[in-house]
Amino acid sequence: MDNIPVKINLTDLVSGMPGITSVFGADLMDNCVVMLHRNGHTSPTSISIDGMEKENMDILWKDTFNEQMDRCYADHQDNTEMAAIGISVLLAKQITGYTIISRSRKGTGFDYTLGDCNDELYIPKARLEISGIEKESLINTINNRFRQKEQQVTPTDKTGLPAYISIVEFSAPKALFNKKAL
């Protein structure tokens, strides 16, 4: 059997999901395009995935970057977080088979609720916490951020839902997508 490379296409965000409108999905895609462009990446770009799966995936997108987008997404911290959400929701679907069914309120300890892709009842199946790093430093690493996020989601372990944590770093690019141990 041929080993077909796994690809995630940022354009898929524009279709939306049960918990993400197509307009918000388009905004996530734009944030991803800006962040990847700022870090010198062109489509397709390989992203190294660690955690539940260890592989390289190709990220595909139409490079629509322009000066207006650069001005619109000028806040690098917000741009990094929104781009991390875009990549992470696509990774969640690829790795877990779940999709975003709702966004969580502030203070819950996680960002999104995941559910089955084909379940129109939107029954929660898992939690998803996301974080982004534009460029790792000696102290701000994917692994350090993952440990912080593990602590953050711990108070909601009582839900019984598994927690997935996705940390995306854009300079390499690379991601750590893993399930928190209960």
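Would you confirm, using the coordinates I've provided, whether Val23 is open to solvent by 60 Å² or more (accessible area, probe 1.4 Å) and not in a strand (DSSP E or B)? It is true that Val23 is open to solvent by 60 Å² or more (accessible area, probe 1.4 Å) and not in a strand (DSSP E or B). Filter segment 103-125 for residues that are over 13 Å from Thr159 (Cβ atoms) and at pLDDT 95 or above; which is surrounded by the most Cβ atoms within 10 Å (Cβ to Cβ)? Among those residues, the one meeting the criterion is Tyr112. Selection of segment 126-137 for residues being of a type in the set (S, T, N, Q) and surrounded by 22 or more Cβ atoms within 10 Å (Cβ to Cβ) yields only Ser131.
Scanning segment 154-182 for residues that are surrounded by 21 or more Cβ atoms within 10 Å (Cβ to Cβ) and aliphatic (A, V, I, L, M) turns up Ala163, Ile165, Ile167, Val168, Ala175, Leu176. Flag set for Asp50, criterion: open to solvent by 60 Å² or more (accessible area, probe 1.4 Å), farther than 14 Å from Gly19 by Cα and modelled with pLDDT of 95 or more. Which ones in segment 1-24 are in contact (Cβ under 8 Å) with a residue 60 or more places away in the chain and among the small types (Gly, Ala, Ser)? If the condition is that a residue be in contact (Cβ under 8 Å) with a residue 60 or more places away in the chain and among the small types (Gly, Ala, Ser), then Gly19 is the only one that fits. Within segment 87-106, does at least one residue satisfy the condition of being over 25 Å from Asn143 (Cα atoms) and either touching a residue at least 60 places away in the same chain (Cβ under 8 Å) or of a type outside the set (D, E, K, R) (or both)? Yes, segment 87-106 has at least one match. Say we look at segment 60-102 and pick out the residues that are charged (D, E, K, R), closer than 16 Å to Leu36 by Cβ and out of contact with any strand residue (DSSP E or B) (no Cβ under 8 Å at 6 or more places or on another chain); which of these is most open to solvent (accessible area, probe 1.4 Å)? The qualifying residue most open to solvent (accessible area, probe 1.4 Å) is Lys62.
The values are calculated or read from the model by the stated rules, or taken from the named source; none is laboratory data. What you see is a predicted model; the values in this text were computed from it and never measured. Positions of Cβ are generated from backbone atoms using ideal geometry, with glycine treated the same way; all protein chains shown enter the neighbour counts. SASA here: full protein model, heavy atoms, side chains in, ligands and nucleic acids out. Shrake-Rupley method; radii C 1.70, N 1.55, O 1.52, S 1.80 Å.
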